[in-house]
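The numbers here are math on the coordinates, done by the rules we state, and not lab data. For clarity, every value in this text was computed on a predicted model and none was experimentally measured. Heads up, the Cβs are rebuilt from the backbone with ideal geometry, glycines too, and the neighbour counts pull from every protein chain shown.
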Amino acid sequence: MTNSQTLLFQIYKKFYQQRSVLQTAPALTINMDSVSVENFDVETADKELAKMISFLLGIQDVAQIPWEEALSLVEKYYKNQPQWNKLILDYFSYVLEKEKEQLAQEQIDLLKEVLNNLEEE
């Protein structure tokens with residue numbers, strides 16, 4: 001499991017623990033009482049948390065707005081709610097880690113392609 005996936009597991013678990021106060025929010029369907037890091041559904045959790053964060057920020061899709069705008073919404077709505085502020089910022093840390101891992105993998109794939117091309121010459 002990658003660093004971002006581990007972060008996602010931890011963040012999802014924290015949101016799941018708060019689900020009783022998130023009655024009108026998008027559902028978190030992974031039962032965290034019976035799942036472990038090894039059998040955690042990363043794809044579902046990623047989609048559900050994106051919906052949750054979008055809901056909490058009052059926007060359609062958090063992935064479609066610039067970072068600055070998202071962070072200003074967190075400040076606007078949650079500056080006096082440290083627990084929610086931290087949870088939402090933790091989500092953004094996860095997104096950044098996931099993007100960093102994707103970029104690193106793209107660089108590795110590109111280097112492999114270059115090496116293969118050099119070996120073929």
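Ranked highest first by average number of other Cβ atoms within 10 Å, how do 92-100, 45-53 line up? Present the calculation step by step, with values, prior to reporting the outcome.
On the way: 92-100: 15.8, 45-53: 19.6.
Descending packing order for the listed peptides: 45-53, 92-100.
With the Kirkwood sum run over all distinct C-alpha pairs, the chain has a hydrodynamic radius of 16.0 Å.
The stretch between residue 113 and residue 67 holds 13.3 nm of extra length on full extension. This uses 0.36 nm per residue minus the Cα-Cα distance.
Against the chain, whose longest principal axis is taken from its Cα atoms, helix 3-17 shows a tilt of about 10°. Counting Lys and Arg as +1 and Asp and Glu as -1 over every other residue whose Cβ lies under 14 Å from the Cβ of residue 97, the net charge comes to -2. State log₁₀ I(q)/I(0) for the range 80-121 at q = 0.28, 0.29, 0.33 Å⁻¹ as given by the Debye formula over alpha-carbon point scatterers of equal weight, solvent excluded. Relative scattering, expressed as log10 I(q)/I(0), comes to -0.86, -0.88, -0.97. Net charge in the neighbourhood of residue 107 (other residues with Cβ under 12 Å of its Cβ; Lys, Arg +1, Asp, Glu -1) is -2. Placing unit charges on the Cβ atoms only, positive for Lys and Arg and negative for Asp and Glu, gives the chain a dipole magnitude near 1060 debye about its Cα centre. Past 22 Å, Cα to Cα, is the threshold; run 76/100; 13/76; 76/98; 47/76; 14/47; 47/112 against it and keep the listed order. Listed pairs above 22 Å: 76/100; 13/76; 76/98; 47/76; 47/112.
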